[in-house]
Amino acid sequence: MRSRLLQKVHAALERRFPEKRLFLRSDTETRFIRLKPETQLVIWTGGTLLVAWTIIATAILLMDSIGSGNFRAQAQRDQYIYEQRLNALSSERDIRAEEAVAAQERFTKALQQISLMQSELLASEDRRRELETGIEVIQATLRRTMNEREGIKEDLAALRDRIEGNADGGAIAFASSEMTGTVDMLTEALAQTAAERDQIKTDAQSAIDQAAEMQLELRLLQERNDEIFRQLEEAMLVSVEPLDKMFKAAGMDPEQILDQVRRGYSGTGGPLMPIQFSTRGAEPDADALRANNILGNLDRINLYRIAAERAPFAMPVKSNYRLTSGFGTRWGRLHAGTDFAGPVGTPIYSTADGVVTHAGWSSGYGRLVKIQHEFGIETRYGHLNAIRVNVGQRVSRGDRIGDMGNSGRSTGPHLHYEVRVGGKAVNPMIYIRAGQDVF
């Protein structure tokens, strides 16, 4: 039964694929190869499968090429929009920084004027108190002199009465003449004292008026300073909050980061030192506290700037690229980084300040560059075509460290970018997105 079935199949194949012979002739002999129907069926099937696979592969490549073109155009548009936004944010940041510097200069001048006016006001108050004390002394002297004058007048009247009833006119006349001279002298002294009193009152009133004018100027200056303080405080709030959010979005404790930067930059002095005025043992006034708070925020922004340069918030690729693989599980294993595909030779840049700890070949990574940054952060740049840094070299954010390539375990030219914190791999896009939201 089986042999009959095989014979029927063979007969059907012979009708479709008749037996053929392929002759091979040489100078000395002639040989032939017999192609059975089964052999021809195998060859035909293999050729058909090869042609079908070629057609399918070509279609897939064409679709991928079309999709890559669309992705590339979209990436270019996104990059253009991002660059425009970055330029606008940079311009706005520069304007805010200039406004902050100008406001700080105006604030410093205003504080100097306030200090000068406070000194003048204190001197005016001291002078007014001295004048009031002098007026009181003069008034006491004047009252005593007037009392003495009244007593002398009474004595003079009594003496005149005695003159009229006494016969010794010569002695009494002499005494009367002497008494009259004393009265004239006292009258002249009294007039002089009254003139001095009037002059002191005039000077005191002038000092009081000047003090009132200075108090008005001081109040207007304080209102102006309040407006300057308000603008500076709003500018500090707008500047500090995004930086706080950037570090928190990257999973970093802002206070811990700032403390670490502050320990590395612990020198004192300069324009950001806290403002101190002599308070004569009293508590600092509200303006000094607000000024020190603003200067503290300026110092915080400066520390944030230093920290941002030492954390990988920048992009390692600035040219056109295609994001081909993200951080996470891939083929049952952890893909510890992000892949940026692009042409061979695309420049690769350091994403933060740091020191190169490895620059050479590494199994799987190919040509690899490792950079150690602050805060226990390390970045890795794998599958490079060329390395442009050396071990121990200090690099800054934006320095070119190599070229994109296809070295190591790689299916095409791309950059494998990793961020490790304390030796543990984290998603690099967390830092990149946090930096894009601010810068």
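The values are calculated or read from the model by the stated rules, or taken from the named source; none is laboratory data. Just so it is clear, the model here is predicted, and its values are computed rather than measured. When we count neighbours, we look across all protein chains shown, and the Cβ atoms used for this are built from the backbone with ideal geometry, even at glycine. Keep in mind that these areas ignore ligands, DNA and RNA; they rest on the heavy atoms of the full protein, side chains included. Shrake-Rupley method; radii C 1.70, N 1.55, O 1.52, S 1.80 Å.
For the reader, a short list of remarks on this structure follows.
- Among residues of the stretch 384-403 that are farther than 15 Å from residue 344 by Cα and acidic (Asp, Glu), those with a Cβ under 9 angstrom from a residue that is open to solvent by 60 Å² or more (accessible area, probe 1.4 Å) and assigned to a loop (DSSP other than H, G, I, E, B), sequence gap 6+ or separate chain, pair up as 399/388.
- Residues in the stretch 76-119 that are among the basic types (Lys, Arg) and without any contact (Cβ under 8 Å) to a residue 24 or more places away in the chain: 77, 85, 93, 109.
- Of all residues in the stretch 121-134, those that are closer than 18 Å to residue 215 by Cβ have Cβ atoms under 9 Å from Cβ atoms of residues that are of a type in the set (D, E, K, R) and assigned to a helix (DSSP H, G or I), 6 or more apart or on another chain, in 127/203; 131/201; 131/203.
- Checked against the criterion of being of a type outside the set (A, V, I, L, M, F, W, C) and touching a helix residue (DSSP H, G or I) at 6+ places or on another chain (Cβ under 9 Å), the stretch 63-77 contains not a single residue that satisfies it.
- Answer residue from the stretch 378-400, given it is under 26 Å from the mean Cα position of the chain (by Cα) and part of a strand (DSSP E or B) and is surrounded by the most Cβ atoms within 10 Å (Cβ to Cβ) among those: 379
- Taking the numbered list (1) on the phi > 0 side of the Ramachandran plot; (2) without any contact (Cβ under 8 Å) to a residue 40 or more places away in the chain; (3) of a type in the set (A, V, I, L, M, F, W, C) in turn, residue 375 passes all entries but (2).
- Some residue of the stretch 35-46 being touching a residue at least 12 places away in the same chain (Cβ under 8 Å), open to solvent by less than 80 Å² (accessible area, probe 1.4 Å) and not in a helix (DSSP H, G or I): yes
- The number of residues in the stretch 93-131 that are open to solvent by 70 Å² or more (accessible area, probe 1.4 Å) and under 22 Å from residue 227 (Cβ atoms) comes to 12.
- Yes/no for residue 355 being open to solvent by 20 Å² or more (accessible area, probe 1.4 Å), in contact with a strand residue (DSSP E or B) (Cβ under 7 Å, 6 or more places away or on another chain) and of a type outside the set (S, T, N, Q): yes
- Qualifying positions in the stretch 319-352 - open to solvent by 20 Å² or more (accessible area, probe 1.4 Å) and among the aromatic types (Phe, Trp, Tyr): 321, 327, 331, 349
- Note on the stretch 3-34: residues that are among the acidic types (Asp, Glu) and loosely packed, with under 10 Cβ neighbours inside 10 Å amount to 2.
- Comparison of 296, 281, 345 shows that the only residue that is at pLDDT below 85, small (Gly, Ala, Ser) and part of a loop (DSSP other than H, G, I, E, B) is 281.
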